[in-house]
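The values are calculated or read from the model by the stated rules, or taken from the named source; none is laboratory data. The structure presented is a predicted model; accordingly, all values stated were derived computationally and were not measured. We place every Cβ from the backbone using ideal geometry, glycine too, and count neighbours over all the protein chains shown.
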Amino acid sequence: MTLINKEYTNLKKILGPLIVVEGVEGAGYGEMVEIALKGHPLRHGRVLQVDEQRAVIEVYQGTINIAKKNCKVHFKGKPMVVRVSKEMLGRMFNGMGEPTDGMPSPMDGDQRDINGLPLNPICRTYPRDYIETGISIIDLMTTLIRGQKLPIFSGNGLPHNKLVAQIIRQANISEQGNENFAIVLAAMGLKNNEAEFFKQNFETMGAAKNVAMFLNLADDPSIERLVTPRVALTAAEYLAFDLGMHVLVILTDMANYAEALREVSSAREEVPSRKGYPGYFYSDLASLYERAGRIKGHKGSITQLPILSMPNDDITHPIPDLTGFITEGQIILERELTVRNVYPPVNVFPSLSRLMKNGIGKGMTRDDHPALASQLYAAYSHVKNIRSLVQVIGEDEISELDKCYLHFGEILEKKLINQGYYEKRTMEETLDLAWQVLSILPEEVLNRVSREQLEKHYGNKNSR
Amino acid sequence: MLKQVGKIIMINGSIIHTTGADTLSMMEIVEVGQSHLIGEVIKIIDEKVVIQVYEDTSGIKPEEPIYGTGMPLSVELGPGLIGSIFDGIQRPLQKLWEKTGSFIQKGVQVNALDQKRKWHFVPQKTDGDSIKSGEAIGWVWETTSIKHFILCPPSIEGKLENVVAEGDYTISQTIAKIRVGERYHKLTMVQKWPVRIERPIYKRQLPKSPLITGQRVIDLLFPLAKGSTAALPGGFGTGKTILQHQIAKWCDADIIIYIGCGERGNEMTEVLVEFPELQDPRSGRSLMERTILVANTSNMPVTAREASIYTGITMAEYYRDMGYDVALLADSTSRWAEALRELSGRMEEMPAEEGFPAYLATRLAQFYERAGVVETVEGTKGSISVIGAVSPPSGDFSEPVTMHTKRFISTFWGLDKDLANERHYPSVNWLNSYSDNLDDIQEWWQEHVDHTWRSMRDRVVEILSQEDELQKIVKLVGSDALPDNQRLVLLIARIIRESFLQQNAYHDIDKYASPQKQIAMLRVILFFYDEAKKIIKRSIPISRIQGLAVLGDVFRMKEDIKENQLDQFRGLEDKIYQEITCLVESYK
């Protein structure tokens, strides 16, 4: 179309992150807009609504300094795109996909629409095989499967950033080496200190070559947060489905993304649903999360590990709630364990990896893994029951066996769940350690593992 | 070519306003813009026509054209539906893949049914026979187990002429003409029907027989009758989808229609991978040979999600009219309601509760009321049973979708977060679930399985509710403080929960239990209860009963005893009797 180069200088309204331009011709829904403001870097925006006279535009870098007549609005005639290339690995970008490490943008590579397209369900292949995070409790009880989306539900003040950094450092796909493995980090609303923490970690890390970071900082315009995960996922799709890599995408913190979404929705005066979030909140989250998966005929995979801090630790809040409805399980961090100095403070009971059954066991992790995980879960939940009983009747009144269980629970938390920040445990080490802890309990009560497995592993007869 | 009827004046997400389109009628399908996206007319206000578009509208501009089709949103009904997977507006995903690759592009139009495939048609009427709507003119084998009757379409009645001989025909070839007065109606194997309109029913009947699902907590405690409706609400992680899959796999309906409505893509893949490999326990054929999938996952356009429910139920009605029992599973109706909410919001309608439009309840009722048992013109019986999953935010059943759904369904399976956290699956809560079909299907159970079904069922419910009361005391003082007869109730309730209600969807033997096995299991448990009760009265301590070796067998019977070894349950009862007698002897 020929209208592309027309510029508009007359704004009708400025409402929070939105501007309304009058007299627009030929602008399409969802297309990208550039806003030139003297003395400021070029800003970007997207058309949210368009009719014969006006276009409503969300401005990603915010509307500060914009006046009705001091800027030039330029419709690009195409949706927002990002240039994707293998060169993105080992680099650091801001939330809009522009480099922040002082080096030029990757020059080669295709331009892709950041919104992606829905994957035809018939083309998906079912996720299988796992990603080793090197963190015992995750690898053992909530194994991360390639192509899965498994969020970490955290809370303010819990060590989720530390955990993320550790996972970025340690994660690997054990059997194939790491040439084929990449990590994409999309951080939304990251505090400057946290960003510094990630940068330093990033620089000291040997594995940094296979990591691409997209950091949107807390003092960056909040609306930019709506773009960050999409840019990151577009890059990930390229790496996974064009280059055949296994990509782990870490999205943190989804709560900040959700706040930005609510802000734009309310500026548009939309009818709110729960807690002021827009009615399309679920669909919007799904448009991100559903970009995880594997595709028939392609070697690569996209695995997502979104992190979200639950407002006020409330799991029924719309952000964790709707996330839980879309993702395939959840890993929940718990405050009480942090207080007892257990890191990572994963609460085993409500945590669940729904696709785990397809990625563990014989030929994948180890044949005893499924039974072992189920036995640990059963025994640990018994510990939980005894603990509440002890609070009522006191520890002296319980049976010897129950005391043994209490001891087991203690060691499980201190030795198995608890792990050093620089400690990487292989799957094999984790499974052996789990047997060691389980062997505190008498053999007779372990009825979820088979006789042969007991024979082989109980008391770690062979491995230690 | 389609005629341009108007032009676009405003675009807001999937809602588009047009002007100059006076000829468009309500619910008419239109093509939008130069890229010919599919849309539907949903409002006409003065000059302005409001259209919802079934595809992503990015890049669409004001002034672009609108084309009318003159037809409301319709589905194609004919042989070839079974085994297919469609999106929300009945586009076959396989064909879309062949046409556009792994990702779904915009503006692609494909026929729902294969136009070239030939079917072996066998006529059962001849020239000169009179025929009326709903009567079959002949049939084809759609799959090895489904005989697909070619029915005379609704509101047509006349005399047959030019009926073709038995042979292979495509769905678009004329197989007969019907003379209606002076005019002729050409009959092919395919007909179109608008999805938002219920197909006419010849005669309604009351539900009489149960939909056997092989899931014990459903069949025995909270059964669903064929032709009735059920809702299964539950927060995330409570196992809605697994239970839906279990029902889709093992229930005794002839045709399964599974609608993945705004849910995960990987779940549809699971169905696509698993079903072809599983065997229908009754026909021995692959489960895919009785299944139609409608998949509109959460990242596909929200408008098509709204339509997917209607697409599914219209296909269900078509098979019902042939005299089949159809089970329709929708996962999840909450996502459908959210699609309504989103569209309503974009049209700036006045919201009612939690932003949902005021017509939510009406729409829910219209959907569930399309279930039922009917007598066909041919005198056979067909039915549609609807099972809708509901995903209440934060598992709170007082939210609008769950509340309104409860008004229109007859069986309610409330899934429970606490049970799921204990890994008690299916996590159907026995205290707040209910079934209104108990009286309707009592006769069936008495006649086909066991005359004591109802009394056993009622006893189980009573034991479970007694346990609930007792647990409140146990929480305060511990179970040791209770008298032995009450501790026995706790023991029996535990047996019922763990060995009967819990059912492992991934266990080869346990995943499906026939009604006969279910009754036999229950009889063992209640027999144990009665015997134990007798000896408790004779002051034999509960700890001795808890230590009986046979209890281990009881806990494992669901996984140990196969469908073809049901006589072993009798042996288990004998063993209980012997051990208890021994115990009594030792106290003499």
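Taking segment A:343-354 as the range and being among the hydrophobic types (A, V, I, L, M, F, W, C) and modelled with pLDDT under 95 as the test, the residues that pass are A:VAL348, A:PHE349, A:LEU352.
Take segment A:320-345 and flag every residue that is part of a helix (DSSP H, G or I) and away from chain B (no Cβ under 13 Å).
Scanning segment A:320-345 gives A:ARG335, A:GLU336, A:LEU337, A:THR338, A:VAL339.
In the set (1) under 22 Å from B:ALA307 (Cα atoms); (2) within 14 Å of another protein chain (Cβ to nearest Cβ); (3) among the aromatic types (Phe, Trp, Tyr), B:TYR425 fails one condition alone, (1).
One line per residue, one yes/no per condition, for (1) modelled with pLDDT of 90 or more; (2) within 27 Å of the chain's Cα centre (by Cα); (3) of a type in the set (A, V, I, L, M, F, W, C):
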site	(1), (2), (3)
A:LEU389	no, no, yes
A:ILE398	no, no, yes
A:GLU410	yes, no, no
A:GLY420	yes, yes, no
A:LYS424	yes, yes, no
A:MET427	yes, yes, yes
A:PRO442	yes, no, no
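Residues in segment B:386-429 that are hydroxyl-bearing (Ser, Thr, Tyr) and touching a residue at least 24 places away in the same chain (Cβ under 8 Å) were compared, and the one that is farthest from B:GLY235 (Cα to Cα) is B:SER410.
Within segment A:420-460, being farther than 17 Å from A:VAL383 by Cβ and of a type in the set (Ser, Thr, Tyr) holds for A:TYR421, A:TYR422, A:THR426, A:THR430, A:SER450, A:TYR458. Looking across segment A:260-274, the residues that are more than 13 Å from A:ILE19 (Cα to Cα) and either more than 10 Å from chain B (Cβ to nearest Cβ) or of a type in the set (S, T, N, Q) (or both) come down to A:ALA260, A:LEU261, A:ARG262, A:GLU263, A:SER265, A:SER266, A:SER273. Once segment A:46-73 is narrowed to residues that are surrounded by fewer than 24 Cβ atoms within 10 Å (Cβ to Cβ), of a type in the set (Val, Ile, Thr) and within 16 Å of A:ASN10 (Cα to Cα), the residue that is farthest from the other protein chains (Cβ to nearest Cβ) is A:ILE66. Just for segment A:298-319: of the residues that are within 9 Å of another protein chain (Cβ to nearest Cβ) and in contact (Cβ under 8 Å) with a residue 60 or more places away in the chain, which one is surrounded by the fewest Cβ atoms within 10 Å (Cβ to Cβ)? Among those residues, the one meeting the criterion is A:ILE315.
When each of B:LYS99, B:LYS95 is tested for being within 32 Å of the chain's Cα centre (by Cα) and surrounded by 17 or more Cβ atoms within 10 Å (Cβ to Cβ), the lone residue that passes is B:LYS95.
Please specify each residue of segment B:335-370 satisfying the condition of being closer than 16 Å to B:GLY312 by Cβ and either within 9 Å of chain A (Cβ to nearest Cβ) or basic (Lys, Arg) (or both). The answer is B:ARG335, B:ALA339, B:ARG363, B:ARG370. Taken over segment B:279-302, residues that are surrounded by 15 or more Cβ atoms within 10 Å (Cβ to Cβ), more than 14 Å from every other protein chain (Cβ to nearest Cβ) and free of Cβ contacts under 8 Å to residues at least 40 places away in the same chain amount to 2. On the given criteria, is A:VAL383 assigned to a loop (DSSP other than H, G, I, E, B), away from every other protein chain (no Cβ under 13 Å) and of a type in the set (Val, Ile, Thr)? Here the answer is no, as A:VAL383 does not meet what is asked.
Could you say whether any residue in segment A:238-256 is among the charged types (D, E, K, R), within 14 Å of chain B (Cβ to nearest Cβ) and over 25 Å from A:ALA195 (Cβ atoms)?
Yes, segment A:238-256 contains at least one residue that is among the charged types (D, E, K, R), within 14 Å of chain B (Cβ to nearest Cβ) and over 25 Å from A:ALA195 (Cβ atoms).
Counting the residues of segment A:1-30 that are in contact with a Pro (Cβ under 6 Å, 6 or more places away or on another chain) and closer than 12 Å to A:HIS74 by Cα gives 0.
When you look at A:LYS384, is it of a type outside the set (Ser, Thr, Tyr) and farther than 30 Å from A:ARG146 by Cα, yes or no?
Yes; evaluated as a whole, the condition is true for this residue.
Against the numbered list (1) free of Cβ contacts under 8 Å to residues at least 24 places away in the same chain; (2) not assigned by TED's automatic domain parsing to the domain that holds B:GLY167, B:TRP141 comes up short only at (2).
Here the condition is being buried (at least 19 other Cβ atoms within 10 Å of the Cβ), assigned by TED's automatic domain parsing to the domain that holds A:ALA260 and not basic (Lys, Arg); of A:MET92, A:MET103, it holds for A:MET92 alone. Filtered by the rule that a residue be buried (at least 20 other Cβ atoms within 10 Å of the Cβ) and small (Gly, Ala, Ser), segment A:203-243 gives A:ALA212, A:SER222, A:ALA232, A:ALA235, A:ALA236, A:ALA240. The set of residues in segment B:217-235 being within 14 Å of another protein chain (Cβ to nearest Cβ) and buried (at least 24 other Cβ atoms within 10 Å of the Cβ) consists of B:PRO233, B:GLY234.
Restricting to segment A:287-297, and then to whatever is part of a strand (DSSP E or B) and facing another protein chain (nearest Cβ under 8 Å), can you tell me which residue is farthest from the chain's Cα centre (by Cα)?
Per the criteria, the residue is A:ILE295.
Could you tell me whether A:ARG43 is crowded, with 20+ Cβ neighbours inside 10 Å and either among the hydroxyl-bearing types (Ser, Thr, Tyr) or not assigned by TED's automatic domain parsing to the domain that holds A:MET188 (or both)? It is true that A:ARG43 is crowded, with 20+ Cβ neighbours inside 10 Å and either among the hydroxyl-bearing types (Ser, Thr, Tyr) or not assigned by TED's automatic domain parsing to the domain that holds A:MET188 (or both). Taken over segment B:151-169, residues that are within 13 Å of B:LYS186 (Cβ to Cβ) and aliphatic (A, V, I, L, M) amount to 4.
If you check B:LYS533 against the conditions, is it without any contact (Cβ under 8 Å) to a residue 60 or more places away in the chain, surrounded by fewer than 19 Cβ atoms within 10 Å (Cβ to Cβ) and part of a loop (DSSP other than H, G, I, E, B)? Taking the combined requirement at face value, the residue does not satisfy it. Considering segment A:347-380, the residues that are closer than 21 Å to B:ASN266 by Cα and assigned to a loop (DSSP other than H, G, I, E, B) include one that is farthest from the other protein chains (Cβ to nearest Cβ), namely A:MET364.
When residues in segment A:110-149 are screened for being within 20 Å of A:GLY324 (Cα to Cα) and out of contact with any helix residue (DSSP H, G or I) (no Cβ under 9 Å at 6 or more places or on another chain), 1 of them pass. Kindly indicate whether A:VAL33 is crowded, with 19+ Cβ neighbours inside 10 Å and within 13 Å of another protein chain (Cβ to nearest Cβ). Answer is no for this residue.
Residues in segment A:157-211 that are charged (D, E, K, R), at pLDDT below 85 and closer than 24 Å to A:ALA240 by Cβ: A:GLU175, A:GLU179, A:LYS209.
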